[in-house]
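Take a look at the structure set out below.
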Amino acid sequence: MDSITLTKQQASRFILAHQRLWPPYEDDGKAGILNFIHRVGCIQFDPLDIVGRNPELVLQSRIADFHPAILQELLYEDRKLLDGWDKMMAIYRTEDWPYFYYRQREAAERSQRRDSSLVRAVFPQIRKAIEERGPLSSIDLDHNQKVDSPWGPKRLANVALDSMYYLGELVIHHKVHTRKVYDFARRHIPEELLSAPDLHETQEQYHDWHVLRRIGSVGLLWNRGGMVWSGIHGAGSQERTIALKRLIKQGRAVEIRVEDIKTPLYMRSQDRTELDTVMESDNQITHATILAPLDNLLWERELVKQLFGFDYTWEVYKPVAQRRYGYYVLPILCDDRFVARFEPGREKKSNALIIKNWWWESGITPSEKIRVCLRDCFERFLGYLGTNTLHIDRTLVKREGLDWIPRDKY
């Protein structure tokens, strides 16, 4: 199949349409969440909670009237979603279990550390404890010896539970804040998924599947190194290049050329109809939304910079002196442009949203349309947070022209 040439606006609008950000809010409720995650494969998890954890922020920007309790029900009551590993820690549909189980187990078995025999020696005791007492977390177990882990020395109980999870014997039953409570996978994963054979007969088939899945996680991707490709077992740049050639030859992927971007991009062939719809549309949407720091749209930040002209780094891991903006800063998208970013916080007693700081993007003049979009955006965001109060310093309001925020909110 020949390559397709797009303008930057066409490419950026296609990605936004694929991400359910342009036009907005076509999905709602649990069905909408499941449809979106099916479309992108997974959403990334991070435990940091300033105004919600990353998956919650991803979903509030796409799902009408989203509240965090809906995601918790899908994960730990309905069992339609699963805590797992795809691109780093992630949430994906439970039906994807067979696609990940065999490669994850192989990787866990290859990862033999100095204390592996000690860790495996306590597996029978942990199995017995879970059989007798039900779902358990590390604090419910007495194995206090410190052993090696990828994150440094940890309690034997923690490392053993994590190991049994990576091997597929345990799943996360629920979480108490960030503390994981484990139970047997057989109690929560349907038997037809547990007993399903390896769906990839060869490593090449697995690479093709996961590379194509990762393209679909964003919409358009290039084959350049970066965290966007993390989690694909055994696939570096060379293996991805070979997989992409196979996928194009098979008609499952399409090469995309974008004006002023030298590196070719790739799209799933199944998304061609969606691309055609975007190219034929002249819709002007009046909508703004707040994005998560690890939003799928932002997984390949250099691509975002080249397509949207938006340079974003999540600076939580940077020393204070090296930050350009702040510790935890969220982007704001208005229609198909990034217009601003802000640093949020929460007031513990009142649960109010705090706007600590605000930065307009270069070249953005806050027109009346943008001001209306932002007012609606923050009304929805307050609803997602379960509050009707916003705190912001009046000096910041005056300095940045934020008088579109209703005065009764602060």
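A short reminder: the numbers here are calculations on the coordinates, not readings from a lab. Quick caveat, the model's predicted, so the values are computed rather than measured. With ideal geometry, Cβ positions are generated from the backbone for all residues, glycine too; neighbour counts draw on all protein chains shown.
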**Request:** With just the Cα atoms of segment 223-284, tell me how far they stretch along each of the three principal axes, in Å, largest first.
**Result:** 42, 26, 21
**Message:** To check you understand DSSP bridge types, tell me what percent of the beta bridges within the chain (both residues inside) are antiparallel, rounded to 5.
**Reply:** 85
**Prompt:** Ratio of segment 14-164's C-alpha Rg to 2.2 N^0.38 Å, to two decimals?
**Reply:** 1.24
**Low-density loop cleavage sites - chymotrypsin sites (Phe, Trp or Tyr not before Pro) in segment 96-188, where at most 11 other Cβ are within 10 Å (DSSP)** = Trp151
**Item:** lysines with Cα under 23 Å of Lys249, excluding same-chain neighbours fewer than 8 positions away
**Value:** Lys262
**Complete:** Yeah, segment 147-189 with a ≥ b ≥ c from its alpha-carbon gyration tensor (a/c under 1.5 is rounded, else prolate when a/b outruns b/c, oblate otherwise) is oblate
**Prompt:** Calculated from DSSP H runs of 4 or more alone, at -39500 (n - 2.57) each and per residue, what is the 222 nm mean residue ellipticity of the chain, nearest 500?
**Reply:** -11500 deg cm²/dmol
**Asked** So what's the projected area for the chain, the Cα convex hull averaged over all directions, in nm²?
**Response** 22.0
**Item:** For segment 213-254, the fraction of alpha-carbon pairs in successive 10 Å shells from zero, as %
**Value:** 27, 62, 11
**Fill in**
Quick calc: nm separation of the 7 Å Cα→Cβ label points for Glu259 and Ala69 -> 4.9
**Fill in**
In nm, the gap between the two label points placed 7 Å beyond Cα toward Cβ at Asp148 and Lys305 is 3.6
**Request:** Quick one: compute the contact order of the chain, relative version, from alpha carbon pairs under 8 angstrom and 6+ residues apart, as a percent.
**Result:** 18
**Message:** So, R0 is 56 Å and r is the distance between the beta-carbons of Ala107 and Val372; what FRET efficiency does that work out to, to 0.05?
**Reply:** 0.65
**Request:** Kindly flag which residue pairs out of Lys318/Lys349; Lys80/Lys348; Lys87/Lys128; Lys154/Lys175 have an alpha-carbon separation exceeding 21 Å in this structure.
**Result:** Lys318/Lys349; Lys80/Lys348; Lys87/Lys128
**FRET efficiency for Leu199 and Thr286, using Cβ-Cβ distance with R0 set to 45 Å, rounded to 0.05** = 0.55
**Asked** Where does helix 203-218 land angle-wise versus the long Cα axis of the chain, in degrees 0 to 90, nearest 10?
**Response** 30
**Message:** Could you tell me what a quarter of the Cα convex hull surface of segment 111-188 works out to, in nm² with one decimal place?
**Reply:** 4.9
**Prompt:** Between Ser149 and residues 5 or more places away or on another chain, which pairs have amide H atoms under 5 Å apart, with H built 1.01 Å from N, and which residues are they?
**Reply:** Lys154
**Fill in**
Residues whose modelled amide H sits under 5 Å from the amide H of Met89, counting only those 5 or more places away in sequence or on another chain, are Phe45
**Asked** Measuring from the lowest to the highest alpha carbon on each principal axis, how far does segment 158-295 reach, largest first, in angstroms?
**Response** 51, 42, 29
